1. Taking the mean number of other Cβ atoms within 10 Å as a proxy for protection, how do you rank 160-168, 257-265, 297-305, 237-245 from highest to lowest?
2. Cα centroids of region 192-222 and region 255-314: how far apart, whole angstrom?
3. Tell me the relative contact order for region 197-247 as a rounded percent, counting alpha carbon contacts under 8 Å between residues six or more apart.
4. Quickly rank 287-296, 209-218 as a protection proxy: mean count of other C-beta atoms within 10 Å, highest first.
5. Over region 156-241, what relative contact order in percent results from Cα pairs under 8 Å that are six or more residues apart?
6. What net charge is computed for the residues neighbouring Val60, neighbours being all others with C-beta under 15 Å from the C-beta of Val60, Lys and Arg scored +1, Asp and Glu -1?
7. Among all the aspartates and glutamates, which ones have a C-alpha under 20 Å from Lys279's C-alpha, if same-chain residues fewer than 8 places away are not counted?
8. My understanding is that a pair violates if its Cα-Cα distance is over 26 Å; which of Lys95/Lys191; Lys67/Lys95; Lys162/Lys191; Lys201/Lys254 do that in this structure?
Amino acid sequence: MNIRSAPRTLAVATTALLALGGVAACADDGAAGADPQRVDVVAAFYPLQFLAERIGGDAVKVTNLVKPGAEPHDLELNPRQVGQVVEAELVVLLKGFQPALDEAVEQNAGGRVFDVSTVQPLMDAAAGGHDHEGEEHGHEEAGAKDPHLWLDPTRLATVGDKLAERLGQADPDHAADYTARAGSLRAELEKLDAEFTAGLKTCQRREIVVSHTAFGYLTERYQLGQIGITGLSPENEPAPQRLAEVIEEARKHKATTIFFEALVSPKVAETIAATVGAKTAVLDPLEGLSTDGGDYLSVMRTNLQTLRTALSCP
Ligand SMILES: [Zn+2]
Ligand SMILES: [Zn+2]
């Protein structure tokens with residue numbers, strides 16, 4: 001779903017909240033959470049779960065609101081999940097990415113929130129696209145912001161540093177541990193960033209055709225160009241006119257590979273690939289972890305190899 005269909009989601013969330021009103025009122029221990037030894041953290045989707053687990057270590061208990069294998073853009077909260085938000089000691093989210101969660105937090109979580117979109121300004125939706133002969137190919141509405149910041153490892157490291165500070169406020173006894181773990185995670189993310197920079201430095205092609213425009217932060221950081229079959233949210237069917245444009249773009253840039261996502265149907269990517277004589281491959285936007293396992297770091301390294309093959313980087 002996209003931002004325009006948000007009212008329906010809000011109605012669902014509000015109904016769930018009303019149903020839970022009684023439960024919330026009875027929880028007189030408030031933010032103490034279910035496990036008194038650990039900080040109860042609710043993460044809005046996988047990369048934020050990864051950060052919270054790596055930085056929180058054994059001092060936190062992290063719950064991800066999105067089930068493994070599910071796509072987080074269209075998250076709707078059931079009453080049990082609203083209960084988790086109500087009882088969390090800290091909710092880690094990206095405001096604007098999942099409107100149903102924003103609404104639940106506004107009504108129930110008060111100051112117990114860490115909004116990763118406040119750490120650094122988000123990029124405009126059109127940035128990280130591509131242009132040639134001064135002609136822009138973006139098709140996002142003016143003013144739209146791109147939420148997919150985790151695909152730049154250096155941005156994720158900065159979010160991690162701030163999350164460590166926030167956890168230290170919630171749990172001062174372990175503040176030094178949070179800072180130390182954020183520091184070692186930063187070192188790993190900077191190593192990953194260096195691998196991407198080196199691995200994508202010289203390639204025969206620099207444009208990637210992807211299923212939705214999730215890769216703006218990655219293409220901006222490593223000087224690639226992004227051609228999205230659909231916009232900032234995954235959709236099953238692009239408009240016929242957009243499909244025709246993408247086919248033309250794929251031909252113009254001699255794309256060898258049309259990328260699709262593990263959590264979204266590959267059908268449209270397969271159609272385009274067949275039309276232009278390209279292959280398809282998974283380029284994972286890491287919005288959720290697919291059932292193949294791994295973690296943020298290993299999936300990003302797989303993405304790097306996939307890109308190097310598709311773009312012919314020696
Ligand atoms: Zn996305
Ligand atoms: Zn182009």
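1. Values: 160-168: 20.1, 257-265: 22.3, 297-305: 16.8, 237-245: 13.6.
Most protected by this proxy first, the peptides run 257-265, 160-168, 297-305, 237-245.
2. If we compute the Cα centre of each part, the gap is 12 Å.
3. On the way: 59 pairs, mean separation 17.1, N = 51.
It comes to 33 percent, rounded to a whole number.
4. Numbers: 287-296: 16.8, 209-218: 25.7.
Ranking, from highest mean packing down: 209-218, 287-296.
5. On the way: 81 pairs, mean separation 17.5, N = 86.
The normalised contact order for region 156-241 reaches 20 percent.
6. Values: positive: Arg38, Arg54, Lys61, Arg112, Arg166, Arg181; negative: Asp35, Asp40, Glu53, Asp58, Glu87, Glu89, Glu165, Asp171, Asp173, Asp177.
Value of the local net charge: -4.
7. Glu207, Glu237, Glu245, Glu248, Glu249, Glu261, Glu270
8. Values: Lys95/Lys191 28 Å; Lys67/Lys95 19 Å; Lys162/Lys191 20 Å; Lys201/Lys254 19 Å.
Violating the 26 Å Cα-Cα cut-off are Lys95/Lys191.
Read-outs throughout are calculated quantities, based only on the coordinates presented, and are distinct from any laboratory measurement. What you see is a predicted model; the values in this text were computed from it and never measured. Here Cβ is always computed from backbone atoms with ideal geometry, including for glycine, and neighbour counts include all displayed protein chains.
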